[in-house]
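Here is the structure we will look at, set down as C-alpha cells.
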Amino acid sequence: MQAIDDFRKLAESLVGAGRVCVLTGAGVSKESGVPTFREADGLWSRFRPEELANVEAFISNPERVWEWYSWRRELMAGVQPNPGHYALAELEELLGHFVLITQNVDNLHQNAGSRDVIELHGNIQRNRCHSCHRFYPEGTVKFAKGELPRCECGGLIRPDVVWFGEMLPPEAIDRASREAQRCDVFLSIGTSAVVYPAAALPHQAKAAGARLVEINPAPTELSPLADLVFRMPSGEAMPRIVEEVKALLEERG
Ligand code: OAD
C-alpha cells in the first residue's frame, strides 16, 4: 500500500520546484491498450527487435518492417489517452516550468493536451525518406503489401522513429539532457529505464541534485536510486498526485 503521506510529500516537492522534468516510457500507455516492450507479455517477447527495429532489417526486408509498423500504427490509431496522460497534461498547466520527455512514439501525450513534449524516439504517425530525409506528414503515406512507399527522390520512405543503432534526434536528446540537469524534481514514469541514452537522463538529474521519483508497478534498475517510489500504475498514481497538487495550491492561495 502506498502511504497517503507520499502523495503529499511529492505534491510539496512539485509545488516548491522551480523546474520539473518527466521521462515516460511504454508503461504510461499500457492502460490505453498499447503493449509495452520488456514485460512478460511485451512486444519483445513475441518479436525480435533485431528483425524489426533496426536499419539493416529495413534495408534487407523493408516490406516486413513496414508490415510491423503498419500493424502498430493501426493499433495506436485506435487508442485514447488514459487518466495518466491527462493528469500529466494537467500538471503542466498547474506547475511552472514543466517538460515532458517521452520514449513513446504513440502521440498520446499530445492527444491528452501536453504541450511541451520532447520526443526522443520519434513519432509513429510521421514518415520520412530514408535517403533524403524529407518529411511526409501523417496520412500522406500509405503502405500496401507489394507497394513500398517511395519518396520523390526515389528513396524508400520509412516511419519517423528511432531504430536500434541509430542516433536520437540531436536537438531532442540535447534539450532533454539540459532539462534533466537543471530540474529540481525528475519523475520517471512507466519505463524500465534500460535503453540508453534515455536511461541516462534520471541519473544525470540525480547527479545534478534533483529529487528522483519513480512511478512504476514493478521495480527497475532505477528504483534503488529513487528518493520516492510509487508502486502503482501511472493511470492511478498521476490523477491522485494532481489532486494533491491542486489541494496544496488552493491551501497556499
Ligand atoms: P519497457 O517495456 O522496457 O518498460 C515498460 C515499463 O512500464 C516496465 O518497467 C513496467 O513495469 C512499467 N509499467 C507497466 N504497466 C505500467 C503502468 N500501468 N503504469 C506505469 N508503469 C507501467 O518500455 P520502455 O522503458 O518504454 O525503443 O522501453 C524503452 C525503449 O525500448 C522503447 O522506447 C523502445 C524499446 O525498444 C525503441 O524502439 C528504440
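The values are calculated or read from the model by the stated rules, or taken from the named source; none is laboratory data. Predicted, not measured: the structure shown is a model, and the values here were computed from it. So basically every Cβ, Gly included, is an ideal-geometry build from the backbone, and we count neighbours across all protein chains shown. Accessible surface areas use protein heavy atoms only, side chains included; no ligands, DNA or RNA. Shrake-Rupley method; radii C 1.70, N 1.55, O 1.52, S 1.80 Å.
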Sequence-distant lysines (8 or more away, or on other chains) whose Cα lies within less than 30 Å of Lys145: Lys30
Qualifying trypsin sites (Lys or Arg not before Pro) in the range 156-253, DSSP loop, other Cβ atoms within 10 Å at most 13: Arg252
Net length gained if the chain between Tyr196 and Asp116 were fully extended (0.36 nm per residue, minus Cα distance): 26.6 nm
Under the Karplus curve 6.51 cos²θ - 1.76 cosθ + 1.60, θ = phi - 60°, whole-Hz ³J(HN,Hα) for the range 43-54, x wherever Gly or Pro sits: 4, 6, 8, 10, 10, 9, x, 5, 8, 10, 10, 8
Exposed GluC sites (Glu not before Pro) absent - longest run of the chain, DSSP non-H/G/I/E/B, at most 16 other C-beta within 10 Å: 40-137
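Which loop trypsin sites (Lys or Arg not before Pro) in the range 60-158, with loop taken from DSSP, have no more than 16 other Cβ atoms within 10 angstrom of their Cβ?
Answer by residue number: Arg115, Arg134, Lys142, Lys145.
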Rg/Rg_globular for the chain, with Rg_globular taken as 2.2 N^0.38 Å and Rg from C-alpha atoms: 1.05
Centre separation in Å (Cα based) which lies between the range 208-230 and the range 94-111: 19
Of the DSSP H helices in the chain, those whose Cα atoms cover at least 15 Å axially and whose Kyte score averages -0.5 or more: 4-16, 83-94, 234-251
FRET E, pair Arg46, Ala3, Förster distance 41 Å, beta-carbon r, rounded to 0.05: 0.65
Of Thr140, Thr220, Thr191, the one that fluctuates the most in a GNM where the chain has Cα springs shorter than 10 Å: Thr140
The chain - share of DSSP beta bridges that are antiparallel (%, nearest 5): 30
Over the chain: helical MRE at 222 nm, DSSP H runs n ≥ 4 each giving -39500 (n - 2.57), nearest 500: -11500 deg cm²/dmol
Point-charge dipole on Cβ atoms (K/R +1, D/E -1) for the range 97-152, about Cα centre, debye to 20: 200
Mean-position separation - Cα centroids, the range 62-88 and the range 17-48, in angstrom: 12
Accessible-area composition of the chain, carbon plus sulfur, in percent [1.4 Å probe]: 52
Selection from Trp71, Pro81, Met232 lying farthest towards where the dipole of the chain points positive, charges on Cβ: Trp71
Proximal lysines relative to Lys206, as straight alpha-carbon distance under 23 Å, when same-chain residues fewer than 8 apart are discounted: Lys9
Under-5 Å amide H pairs with His97, H placed in peptide plane, nonlocal only: Val20
Average silhouette area of the range 46-120, convex hull of alpha-carbon atoms, in square nanometres: 5.9
Cut-off under 5 Å, modelled amide H: who pairs with Ile157 long-range: His130, Arg150, Cys151
Rounded accessible area per residue of the range 109-185, 1.4 Å, Å²: 53
